[in-house]
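The values are calculated or read from the model by the stated rules, or taken from the named source; none is laboratory data. Not measured: the values here are computed from a predicted model. Using ideal geometry, Cβ is built from the backbone for each residue, glycine included, and neighbour counts are taken over all protein chains shown.
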Amino acid sequence: MNTILQELETTISGLKTDTSRSNVGTVRECGDGVAKIEGLSDVMLNEMIEFPSGLYGIALNLEETEVGAILLGDFTEVREGTEVRTTGRLLSVPVGKELLGRVVNALGQPIDEKGPIKSDKTYPVEKIAPGIIKRKSVSVPVQTGILPIDAMIPIGRGQRELIIGDRATGKTTIAIDTIINQARLNKAAEDGKIKNHTPLYCIYVGVGQKNMSIARTVDILEKAGAMPYTIVVSAPASESATNQYLAPYAGAAMGEWFMDNGMDALIVYDDLTKHAAAYRQVSLVLKRPSGREAYPGDVFYLHSRLLERAARLSKEAGGGSLTALPVIETQAGDVSAYIPTNVISITDGQIFLETDLFYQGVRPAISVGISVSRVGSAAQIKAVKQVAGSTKLDLAQFRDLQAFAQFGSDVDPGTRKKLDRGSRIVELFKQAQYNPYPVEQEVAILFAMQKGYFDDVPVDKVKDCQNKLVEYFTTRKEDVLALILDKLTIDKEVEEKLHSAVKDFKGFYKP
Amino acid sequence: MTINESAKKLHGRLPHRVMRTAKEARKVSRQLFRESFRDGKLDEERITQMVQSVLANKPRHYVDVLQDYQRLLRLEQEKRHAVIESASPLNRSVGDQVVNNLKSRYGDDLNIEFRTNPELLGGMRIKIGDDVWDGSVRNRLRQLQEQI
């Protein structure tokens, strides 16, 4: 009892109240989540404004005699004449490892009914991206576990790789697969199965999606055991446009904390098309001048400042990284629309998903011709590079020749060989969703493909042969897989072992 | 007639317009506003002259011009308007002391208004333009609440 009284006494003696000076304004008009306020002569851009009901707003438009502010939360209580005051603070969200495994809203408040978040650290939502001196080039890979991506469009830690495609072409699936694979790798590293692995924490930001879609994503991540390494920031379509506009920045702030503390993080913005639409709404209600497709003039800056925050820091700056996987939805495959071209020009490459391929059964429906990774090859593991070097070219040639071969059956043996190889590569690259491959299995499959071990397997049996080959490696040739993982390059010893293992397998495999 | 009264009178003569002030009208009203000062202070004579001239000449969007002009004048007036709120009426000596303090800090041309607001519970709250000095019990309790 005495200690409680003492504690109370020290708490009370520590409390101080004083006459406070504040800068106030009066709401002139309010609607659609936006308020026009007269006064507030000392307000800063992006400063938080406090309303009497405990509601907060952010000053976005500073005009000669009034301030345009967006409101964060239920604005039905705000009336004309309500007095508001400045706070001197910028909007911040909680950051730290305490957020892992949680689902939060755009303000970092938990919405998963798992209790309060015990983080005492906060980061401002809007932050200037790291400068030139602090950065270094991408050198460590992000293993997505998706064979065509790891082989042909490799992503490095600190890169910004756009996932673009029409609706229902598997954009989110690629992002979720990547998150699941990171969780598997992180767990394997914790268990001591992988050496020299820096954990990659993931942040999934759902903007303007259906609540059901976000719930499904969380469910998938939970079932795959990925939630302990993942933060989900949710701003579904039912949230105000303000929260949808802020959610990606809040997610970026959470990712930056990992980066600034020497850790690696990956952030998925799903999707930026809806983010741009939310920002358009906010801007139009604030009466900002509109431009093409009614987007405001700074819609490019909206995404460039967000994606610039993804970086790989130099050793002196802590050596952390933030990789960004923005998602953009196109209409009828039109990549030349306003927002897609903007984001394509900002990012370091794109993975383009095609509806036609998707319905042909090629899943993931990656269009190899226009998918690129501008910096990722520097980060690709040597072993993968050795076995996948010419795959993209082979596949591109196959697509060209396929068009010609449709008109006649007489093709020269060289062309026939390319066509046969191409159709088998396409089969090999088909992959079930939420089933990422470990890198050593990818190397084994790509090795067998490059050395022509699938050439005598009928095209419709290639997938079966591949699955059995993987099974064979994981059950009977674990030592070879372990050797690949250990060396991460194909030297003479690994090559011989791979050859003998695949030959051994082919000896008893009957298509 | 004070500026406030003339502004109110002007407001009464103008039809109520919901339409937003046209850009052109805002430009003209700002120009009128800039011309309304003499030695850094609003000049009643000038304001009356300008309003009369606008009403006589009736330029384009003149109603919008006058409405926006009135708003700018009101905002400028509010900058020099001090509201001293207290939970109970202040006695004369305290009131004079506060007024003298404010005038020494903000200048002699302050327009001072005393108000009683029992919601403050105690203490005083002074608002000058957008600045608020809050020493009321209500504010102190709010501060305590935030700290705890």
Of the residues that sit in region A:257-292 and are surrounded by 20 or more Cβ atoms within 10 Å (Cβ to Cβ), of a type in the set (D, E, K, R) and not in a helix (DSSP H, G or I), which one is farthest from the chain's Cα centre (by Cα)? A:Asp264
May I ask you to list pairs of residues, at least six apart or on different chains, whose Cβ atoms are under 7 Å apart, with the first in region A:20-38 being farther than 14 Å from A:Leu71 by Cβ and the second being aromatic (Phe, Trp, Tyr)? A:Arg21/B:Trp133
Filter result (over 18 Å from A:Gln143 (Cα atoms) and crowded, with 16+ Cβ neighbours inside 10 Å) within region A:364-384: A:Ala365, A:Ser367, A:Val368
Of all strands (runs of 3 or more DSSP E) fully inside region A:43-114, the set with 3 or more residues that are more than 14 Å from chain B (Cβ to nearest Cβ) is A:56-62, A:66-72, A:92-95
Restricting attention to region B:53-68, which residues are crowded, with 16+ Cβ neighbours inside 10 Å and in a loop (DSSP other than H, G, I, E, B)? B:His61
How about region B:130-148: which of its residues are more than 7 Å from chain A (Cβ to nearest Cβ) and either touching a helix residue (DSSP H, G or I) at 6+ places or on another chain (Cβ under 7 Å) or of a type in the set (Asp, Glu) (or both)? B:Ser136, B:Val137, B:Arg138, B:Glu146
Just a yes or no: is a residue in region A:53-76 surrounded by fewer than 17 Cβ atoms within 10 Å (Cβ to Cβ), out of contact with any Leu (no Cβ under 9 Å at 6 or more places or on another chain) and more than 20 Å from A:Val285 (Cβ to Cβ)? yes
State whether one or more residues within region B:69-88 are within 14 Å of chain A (Cβ to nearest Cβ), assigned to a helix (DSSP H, G or I) and either over 23 Å from A:Ser41 (Cβ atoms) or of a type in the set (Gly, Ala, Ser) (or both). no
Of the residues A:Lys430, A:Lys382, A:Lys392, A:Lys418, only one is touching a Phe, Trp or Tyr at 6+ places or on another chain (Cβ under 8 Å) and at pLDDT 85 or above; which? A:Lys418
Index of the failed condition, B:Met50 passing every other in (1) assigned to a helix (DSSP H, G or I); (2) surrounded by fewer than 17 Cβ atoms within 10 Å (Cβ to Cβ); (3) without any contact (Cβ under 8 Å) to a residue 24 or more places away in the chain; (4) away from chain A (no Cβ under 14 Å): (2)
Being basic (Lys, Arg), within 25 Å of A:Thr173 (Cβ to Cβ) and assigned to a loop (DSSP other than H, G, I, E, B) is the requirement here; does A:Arg424 meet it? no
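Looking only at region A:2-42, filter to residues that are assigned to a loop (DSSP other than H, G, I, E, B) and either on the phi > 0 side of the Ramachandran plot or surrounded by 19 or more Cβ atoms within 10 Å (Cβ to Cβ) (or both); which one of those is farthest from the other protein chains (Cβ to nearest Cβ)? Steps first, answer last, please.
We begin by selecting, within region A:2-42, every residue assigned to a loop (DSSP other than H, G, I, E, B); these are A:15-19, A:32-33, A:40-42.
Right, trim to either on the phi > 0 side of the Ramachandran plot or surrounded by 19 or more Cβ atoms within 10 Å (Cβ to Cβ) (or both) and you get A:32-33, A:40.
Numbers: A:Asp32: 16, A:Gly33: 19, A:Leu40: 6 Å.
My answer is A:Gly33.
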Taking interchain pairs and intrachain pairs at least six residues apart, which have beta carbon atoms under 6 angstrom, with the first residue in region A:344-367 and outside any helix (DSSP H, G or I) and the second acidic (Asp, Glu)? A:Gly349/A:Glu161; A:Ala365/A:Glu354; A:Ser367/A:Glu354
List pairs: first residue in region B:23-37 and closer than 17 Å to B:Glu76 by Cα, second residue modelled with pLDDT under 90 and surrounded by fewer than 20 Cβ atoms within 10 Å (Cβ to Cβ) anywhere in the structure, Cβ distance under 6 angstrom, at least six positions apart or on different chains. B:Ser36/B:Leu42
Where A:Pro124 falls short, out of the listed (1) within 21 Å of A:Val282 (Cα to Cα); (2) out of contact with any helix residue (DSSP H, G or I) (no Cβ under 7 Å at 6 or more places or on another chain): (2)
Being of a type in the set (Gly, Ala, Ser), in contact with a helix residue (DSSP H, G or I) (Cβ under 8 Å, 6 or more places away or on another chain), more than 18 Å from A:Ala175 (Cα to Cα) and part of a helix (DSSP H, G or I) is the requirement here; does A:Ala396 meet it? no
Which one of the conditions (1) within 12 Å of B:Ser86 (Cα to Cα); (2) aliphatic (A, V, I, L, M); (3) facing chain A (nearest Cβ under 8 Å) does B:Met124 fail to meet, given that it meets all the rest? (3)
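State whether one or more residues within region A:332-343 are of a type in the set (D, E, K, R), farther than 30 Å from A:Asp460 by Cα and assigned to a strand (DSSP E or B).
Filtering region A:332-343 down to residues of a type in the set (D, E, K, R) leaves A:334.
Next cut, farther than 30 Å from A:Asp460 by Cα only: A:334.
Among the residues that remain, those that are also assigned to a strand (DSSP E or B) are: none.
No, region A:332-343 has no match at all.
Being touching a residue at least 12 places away in the same chain (Cβ under 8 Å) and over 17 Å from the mean Cα position of the chain (by Cα) is the filter here; which residues of region A:193-224 pass it?
Of everything in region A:193-224, those that are touching a residue at least 12 places away in the same chain (Cβ under 8 Å) and over 17 Å from the mean Cα position of the chain (by Cα) turn out to be A:Ile194, A:Lys195, A:His197, A:Thr198, A:Lys210, A:Asn211, A:Ala224.
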Condition broken by B:Asn100, with the remaining ones in (1) assigned to a helix (DSSP H, G or I); (2) surrounded by 14 or more Cβ atoms within 10 Å (Cβ to Cβ); (3) more than 13 Å from chain A (Cβ to nearest Cβ) satisfied: (2)
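Within the group A:Ile146, A:Ile133, A:Ile180, which residue is out of contact with any strand residue (DSSP E or B) (no Cβ under 7 Å at 6 or more places or on another chain), under 25 Å from A:Gly389 (Cα atoms) and among the β-branched types (Val, Ile, Thr)? Before you say what the answer is, go through the steps one by one.
Working: A:Ile133 fails: under 25 Å from A:Gly389 (Cα atoms); A:Ile180 fails: under 25 Å from A:Gly389 (Cα atoms).
After applying the criteria, what remains is A:Ile146.
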Residue hits (region A:368-393; touching a strand residue (DSSP E or B) at 6+ places or on another chain (Cβ under 7 Å) and outside any loop (DSSP other than H, G, I, E, B)) are A:Val372, A:Ser373, A:Gly376, A:Ala378, A:Ala379
Could you check, for region A:456-463, whether at least one of its residues is touching a strand residue (DSSP E or B) at 6+ places or on another chain (Cβ under 7 Å) and not hydroxyl-bearing (Ser, Thr, Tyr)? no
A:Met212, sole failed condition from (1) over 25 Å from A:His275 (Cα atoms); (2) surrounded by fewer than 19 Cβ atoms within 10 Å (Cβ to Cβ); (3) not aromatic (Phe, Trp, Tyr): (1)
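If you go through region A:160-199 one residue at a time, how many are farther than 26 Å from A:Tyr245 by Cα and either in a strand (DSSP E or B) or among the aliphatic types (A, V, I, L, M) (or both)?
Pass one, region A:160-199, residues farther than 26 Å from A:Tyr245 by Cα: A:180-199.
Still in the list and also either in a strand (DSSP E or B) or among the aliphatic types (A, V, I, L, M) (or both): A:180, A:183, A:185, A:188-189, A:194.
Residues in region A:160-199 being farther than 26 Å from A:Tyr245 by Cα and either in a strand (DSSP E or B) or among the aliphatic types (A, V, I, L, M) (or both): 6 in total.
Answer with yes or no whether A:Tyr295 is surrounded by fewer than 24 Cβ atoms within 10 Å (Cβ to Cβ), modelled with pLDDT of 95 or more and hydroxyl-bearing (Ser, Thr, Tyr). Before the answer, list the steps.
Details: surrounded by fewer than 24 Cβ atoms within 10 Å (Cβ to Cβ): yes; modelled with pLDDT of 95 or more: yes; hydroxyl-bearing (Ser, Thr, Tyr): yes.
Judged against the criteria, A:Tyr295 is a match.
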